[in-house]
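Below is one structure, written out as structure tokens, with a few remarks after it.
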Amino acid sequence: MTQAHAEGAPGAHSGLSAAARGWLFFRRWLANPLEMGSIVPSSPVLGRKIAEVVRAGPPGPILELGAGTGAITRALLDGGISPWRLTVIEIVPEMAEVLSRSFPGVTVICGDAWNLSDILDPALHGTIGSVVCGIPLVLLPREKQASLIEAIETVAPGQGFLHYTYCITSPLPIRVHGLQGRRVAWTPLNIPPASVWHYRRAGA
């Protein structure tokens, strides 16, 4: 695991051009479609929806899992989230490097989201206000889904997580995982149309 913390003016977006980021995303999709989930990055409309939900949520640090080339990261920053509040996790080193260069002030960690308790700064454990998950959970075995839910619960107990998806219905089997789940946003303008779900442990 490597970590990059780039300092700079809040909201500044340097690094690769939009076209270069799109090409990088497409190359990663060709290499591993299940890892990416969609053939194109999330749209600005979806990003704005997610940013609205996060802004209305609890205060505190924000954790983004599976940031890719940063479409949602950018939307969070453009939506008024301070860079110092945001930590993003990206497993692909090339993409993590792009994120680090593109978003000054954001903490970028190249690592596996299933190892959150090990790769995340211990000072953040128990203080996180919102978790945004862009990992395509619907494509994963239930055991893998369950272990990520547990990893999130370990560092952000009781907060649950936001998950954006291209499924018409819940991408997670709610009862199987002992969750409460509700769709908090939807946009037909994303390609494909996308929903934002909030999940938390039942009874939390």
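Read-outs: derived from the displayed coordinates by stated rules, not from any lab. Here the structure is a predicted model, which means the values were calculated and not measured. Positions of Cβ are generated from backbone atoms using ideal geometry, with glycine treated the same way; all protein chains shown enter the neighbour counts.
Quick check on my filter: what residues within segment 162-196 are within 21 Å of Arg48 (Cα to Cα), surrounded by fewer than 19 Cβ atoms within 10 Å (Cβ to Cβ) and either touching a helix residue (DSSP H, G or I) at 6+ places or on another chain (Cβ under 6 Å) or hydrophobic (A, V, I, L, M, F, W, C) (or both)?
Cys167, Ile168, Val184, Ala185, Trp186, Thr187, Leu189, Ile191
Looking at the structure I just gave you, is Val98 buried (at least 21 other Cβ atoms within 10 Å of the Cβ), within 18 Å of Pro157 (Cα to Cα) and not charged (D, E, K, R)?
no
Which residues, counting only those in segment 82-103, are under 21 Å from Thr165 (Cβ atoms) and of a type in the set (Val, Ile, Thr)?
Val88, Ile89, Ile91, Val92
Scanning segment 143-161 for residues that are surrounded by fewer than 16 Cβ atoms within 10 Å (Cβ to Cβ) and among the charged types (D, E, K, R), which turns out farthest from the chain's Cα centre (by Cα)?
Here the answer is Glu143.
How many of the residues in segment 70-126 are among the basic types (Lys, Arg) and touching a helix residue (DSSP H, G or I) at 6+ places or on another chain (Cβ under 8 Å)?
Residues meeting the conditions: 1.
Matching residues to (1) in contact (Cβ under 8 Å) with a residue 40 or more places away in the chain; (2) closer than 14 Å to Leu65 by Cα; (3) in contact with a Ser or Thr (Cβ under 9 Å, 6 or more places away or on another chain); (4) crowded, with 18+ Cβ neighbours inside 10 Å:
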{"position": "Phe103", "(1), (2), (3), (4)": "yes, no, yes, yes"}
{"position": "Ser117", "(1), (2), (3), (4)": "no, yes, yes, no"}
{"position": "Leu124", "(1), (2), (3), (4)": "yes, no, yes, no"}
{"position": "Thr127", "(1), (2), (3), (4)": "yes, no, no, no"}
{"position": "Ser130", "(1), (2), (3), (4)": "yes, yes, no, yes"}
{"position": "Pro136", "(1), (2), (3), (4)": "yes, yes, yes, yes"}
{"position": "Pro141", "(1), (2), (3), (4)": "no, no, no, no"}
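With respect to Arg183, is the statement that it is touching a strand residue (DSSP E or B) at 6+ places or on another chain (Cβ under 6 Å), in contact (Cβ under 8 Å) with a residue 12 or more places away in the chain and either assigned to a helix (DSSP H, G or I) or over 28 Å from Trp84 (Cβ atoms) (or both) true? Even if it seems obvious, please write down each step before you answer.
On the way: touching a strand residue (DSSP E or B) at 6+ places or on another chain (Cβ under 6 Å): yes; in contact (Cβ under 8 Å) with a residue 12 or more places away in the chain: yes; either assigned to a helix (DSSP H, G or I) or over 28 Å from Trp84 (Cβ atoms) (or both): yes.
Yes; evaluated as a whole, the condition is true for this residue.
Can you name every residue in segment 41-87 that is of a type in the set (S, T, N, Q) and within 21 Å of Glu153 (Cα to Cα)? Before the answer, list the steps.
Here is the first cut: in segment 41-87, the ones of a type in the set (S, T, N, Q) are 42-43, 69, 73, 82, 87.
Thr87 - this is the single residue of segment 41-87 that is of a type in the set (S, T, N, Q) and within 21 Å of Glu153 (Cα to Cα).
Could you list, in sequence order, all residues of segment 80-99 that are under 15 Å from the mean Cα position of the chain (by Cα) and either farther than 23 Å from Lys144 by Cα or among the basic types (Lys, Arg) (or both)?
Those that are under 15 Å from the mean Cα position of the chain (by Cα) and either farther than 23 Å from Lys144 by Cα or among the basic types (Lys, Arg) (or both): Ile81, Pro83, Arg85, Leu86, Leu99.
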